[in-house]
Structures are given as C-alpha cells and as structure tokens.
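Here is the structure we will look at, set down as structure tokens.
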Amino acid sequence: MNAHAPVTAFENEHGLEIRQERGQRAVFCGLTGIVWLHRKIQDAFFLVVGSRTCAHLIQSAAGVMIFAEPRFATAIMDERDLAGLADMNDELDAVVGRLVARRPEIKLLFLVGSCPSEVIKLDLSRAAQRLSRSLAPDVRVLSYSGSGIETTFTQGEDACLASLVPEMPAEAANAETSLLVVGALADVVEDQFARIFSEMGIGPVRFLPARRAGAMPPVGENTRYLLAQPFLADTARALEERGATRLAAPFPLGAEGTTGWLKAAAEAFGVSAGRFEAATAPGLRRAEQALAPYRAMLAQRRIFFFPDSQLEIPLARFLSREMGAELVEVGTPYLHRGHLDREMALLPRGTRIVEGQSLDDQMDRCRQARPDLTVCGLGLANPLEAEGLATKWSIELLFTPIQGYDQAGDLAELFARPLVRRTRLEV
Ligand code: SF4
C-alpha cells in the first residue's frame, strides 16, 4: 500500500515544475489575520465567535503586542452552547450589546466565524444582518469565516476584505478612472506608494481597506485595481463582480517587484517613460543600496519554502533574482495561476513549486535536501531547528512592513538574520 499522498506533477508554460500534493497540513487558520487587520481599520472591532482554543491562538499570535484596549476579542462558546442548550443568537446579541455600549468608538464590527461556530452551523451572516439593523446607524456589522476548516492563515484577510466589497459605495456616474490598491499594507508603506503615484500623476488613488470604516473607497467600471498581496482571490472576484479591472503585475516585494508593480499602474494610466523614471529612480536607488550588503549573505544559499502564507512565490522570486539564492522547493497552500502569472514568469526555469501539502513527504524532502534556510510556520520551526536547520517564521513576513522600495532592505534582512545568528552560534 502506498502511504504517501497522491501527487500530480507537470511542467507549466513558464518551464516550472508544478506538483500538487494532498495530505496532512500544518498551517494556521484564518483567525491569525486579525492580528494585522485590527491595526489597519482604526475604528473596527473583530469579535471571534469561537472556543478557548481560538482565544488562545489570537492571544499568542498577538502575544508580543500589549494593548490597553485591544480591538479584538473572543466570544467563547461553552459546552451548553455547543450542545445546543442555549440560544446562541440571544447570547451573541447580549455580548455585542455590552461591547458597543462600552466601546462607542467602534463603527464596524466583524463577527468572525471559527471551527466551533461552523460545526454547530451558527449563521453569522444572518446574525450580522440582524445586529446591523438594531445598531444602525452607529455600527455596521459584517461577518466572515476565519475557521481552520475553511481558511488558511492569510485567507482570513481575503475573507475579511471580500466581506467589505459589498459595502463599498458605487463610483459616481462618469467617474474618472481611479486606481485602487487592494490588501492591508502598513500605513507607512501606503503613504510611500501614495507619494510615488502622485509624482507619476496617477489619481485618484485609494486603498482597500481604508483606515476608517466610513471611508471605504468607491468601486465600479472605472476602477483599476492592483493587488498588493497575493492571497486575495475572493476579494478580487468580488471587486470584478462590481466592475473593477485588475492590473496584471508582480507583487511589490524587493526592488524589481516594486518597479514592476508600479509600472503596471503607470502603463494603465499612460504615464510617460520619463515621468515614471523620475518618480521611481530615487526609491530604486535606495532599495539597491540597502540590498547590496545582504546579497553577499544570501547568494547561493539554498532555500526551502513550506506552504504557509501564499507569499512564497513572490518571495522566492525576490530571493532568487535579487539575492542570488537557490530555490530548492517553493511550497504554497494555493496557486492562483492568474494572479501569480507575472511572478512565475520571473522564476528560474525548472523551479519546483508544490501546491497544497503532504506534511510528512515535505518534511522528508526538506531533511534530505538540508537547505541553508527553511521558511515555514511556527509549528515546524522548532523541530527543524532541533535538527540543525536554520528557519524563518513566515508569519513575520505578515507582521513586518516589507513592501516597497524603502522596505526592501528590511525584507532581505529578515532572511539574512537566521543565517547570521547561526554563524554566530557556530563561532
Ligand atoms: Fe483552532 Fe479552528 Fe479556532 Fe482556528 S478557528 S483556533 S483552527 S478551533
């Protein structure tokens, strides 16, 4: 009997070896996204309807951050709820009532579904509609699922943003063509991009999510959107259903990715080559200077990606093309062929991309390859470190501003740090 998971493998149009694996997975659930999303929409609150396990997960993921008044919490379902002995909807209404009375600054409340709420089939979208009606006009209530049954870690952001799309106002009739940047970015990164777009003469430029619940951008036929993150398949679909058009681009990671991403907007908005060059050259120069010292540390290092954040393919492209690293294997939970086409075209021919996961098989391959650096989730890092392999936690790539020219050096440093630490330990 073959104990290994079924595998299909083929070579794609870019000469990459694509394997699809199914089996045991080791990935966080979509609740994790709350840890970076709650910092983005400043008057939103995330209420997880879940168990003590869910509460622990978010607390430990957000563990290093101490908030006087955090903008997330868990409404814990106990055994009576799970056994159907209590009316969960009444209890939820009471919890939400107490929350908004105590926190009048909340303007947007997300009810976030979990594995337990899904198992007992608690209908959070109906609960959100009911609560929205009773709390209007002060608080808007939306829902999405962050459950581990339905989502992996970055898909929580996708589900959250997709739930916002129906709330976006329609653009005005005869609206001028606008640019929408989609995906949660650190405010500092957003400000840098806004400045570059303005120097190129592109406008209006808007961001989803907006920093305030009442300022969500309009959308319609004249909206051109750029994905800032590669894990937003449902959000993209929802935007297209409202008439928006995606600009095909690589993702703004590293100097090359950032230039390609900005260029996609420049081409769509008819920016001249001279103006594009003038707007991007200073940032590009700063990025190249910041990257140079890390190239010596990362060149020819063999890197192995476990599937986790869906950032793996753009990161692999950055490490291989700008840092000279060698890609042993690039795992990704899902491979959105359309959104990642520009990225895959830049990877070295023959790169092995593994979509999905069969944990044991992948661990075997990693052990056999003994890469210089393994990028993986928290759960795998400790065992691999114990076996003498240097690791990088993929979750750090979500918590750290890494997009754009001025963050390119920080991005390289994140990968160089475990190698430097290991060298010091060896010394
Ligand atoms: Fe665990 Fe599911 Fe709760 Fe995530 S949603 S913490 S996978 S029980």
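The values are calculated or read from the model by the stated rules, or taken from the named source; none is laboratory data. Computed from a predicted model, the values in this text were never measured in an experiment. Every residue, glycine among them, receives a Cβ derived from its backbone with ideal geometry; neighbour counts consider all protein chains shown. Note: areas computed on protein heavy atoms with side chains; ligands, DNA, RNA excluded. Shrake-Rupley method; radii C 1.70, N 1.55, O 1.52, S 1.80 Å.
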### Query
Restricting the first residue to segment 191-217 and requiring it to be free of Cβ contacts under 8 Å to residues at least 24 places away in the same chain, which pairs with a second residue that is not basic (Lys, Arg) and not in a helix (DSSP H, G or I) meet a Cβ separation below 7 Å and a spacing of at least six or different chains?
ALA194/VAL205
## Note on the structure
All conditions in (1) part of a loop (DSSP other than H, G, I, E, B); (2) farther than 30 Å from LEU384 by Cβ are true of GLY274 except (1)
### Query
Which of (1) open to solvent by 10 Å² or more (accessible area, probe 1.4 Å); (2) closer than 22 Å to GLU13 by Cα; (3) part of a helix (DSSP H, G or I) is the odd one out, the single condition LEU398 does not satisfy?
(2)
### Summary
LEU347: passes all of (1) open to solvent by 40 Å² or more (accessible area, probe 1.4 Å); (2) in a loop (DSSP other than H, G, I, E, B); (3) aliphatic (A, V, I, L, M) but (1)
### Message
Just to verify a result, which residue in segment 9-26, among those that are open to solvent by 40 Å² or more (accessible area, probe 1.4 Å) and among the small types (Gly, Ala, Ser), is nearest to the ligand (Cβ to nearest atom)?
### Response
GLY23
### Task
Return the residue satisfying two criteria in turn: it lies in segment 110-143 and is assigned to a loop (DSSP other than H, G, I, E, B) and away from the ligand (no atom under 16 Å from the Cβ), and of such residues it is nearest to MET88 (Cα to Cα).
ASP123
### Query
Has segment 117-139 got any residue that is out of contact with any helix residue (DSSP H, G or I) (no Cβ under 8 Å at 6 or more places or on another chain) and buried (at least 19 other Cβ atoms within 10 Å of the Cβ)?
yes
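Is it the case that CYS29 is open to solvent by 20 Å² or more (accessible area, probe 1.4 Å), at pLDDT 90 or above and either within 16 Å of the ligand (Cβ to nearest atom) or on the phi > 0 side of the Ramachandran plot (or both)?
Criteria not met by CYS29.
Yes/no per residue for (1) outside any helix (DSSP H, G or I); (2) of a type in the set (Lys, Arg); (3) over 28 Å from SER358 (Cα atoms):
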site	(1), (2), (3)
PRO293	no, no, yes
GLN300	yes, no, no
PHE304	yes, no, no
PHE318	no, no, no
MET323	yes, no, yes
VAL330	yes, no, no
### Summary
Counted residues in segment 355-376 being surrounded by 21 or more Cβ atoms within 10 Å (Cβ to Cβ) and closer than 18 Å to ARG302 by Cα come to 7
### Task
Name, by its number, the condition in (1) at pLDDT below 95; (2) surrounded by 16 or more Cβ atoms within 10 Å (Cβ to Cβ); (3) part of a helix (DSSP H, G or I) that does not hold for LEU425.
(2)
### Query
How many residues are near the ligand (Cβ under 8 Å from one of its atoms) and either among the acidic types (Asp, Glu) or open to solvent by 20 Å² or more (accessible area, probe 1.4 Å) (or both) when one looks only at segment 46-62?
4
#### Entry: Considering residues of segment 157-181 that are in contact with a helix residue (DSSP H, G or I) (Cβ under 8 Å, 6 or more places away or on another chain) and assigned to a strand (DSSP E or B) only, the residue surrounded by the most Cβ atoms within 10 Å (Cβ to Cβ)
LEU180
### Query
ARG352: in contact (Cβ under 8 Å) with a residue 40 or more places away in the chain, under 25 Å from the mean Cα position of the chain (by Cα) and open to solvent by 10 Å² or more (accessible area, probe 1.4 Å), yes or no?
yes
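Table: residues versus (1) modelled with pLDDT of 95 or more; (2) within 16 Å of the ligand (Cβ to nearest atom).
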| residue | (1), (2) |
| --- | --- |
| GLU150 | no, yes |
| CYS160 | yes, yes |
| SER163 | yes, no |
| PRO169 | yes, no |
| ILE196 | yes, no |
| PRO209 | yes, no |
#### Entry: Among (1) within 25 Å of LEU227 (Cα to Cα); (2) touching a residue at least 12 places away in the same chain (Cβ under 8 Å); (3) out of contact with any helix residue (DSSP H, G or I) (no Cβ under 7 Å at 6 or more places or on another chain) - the single one ALA287 does not satisfy
(3)
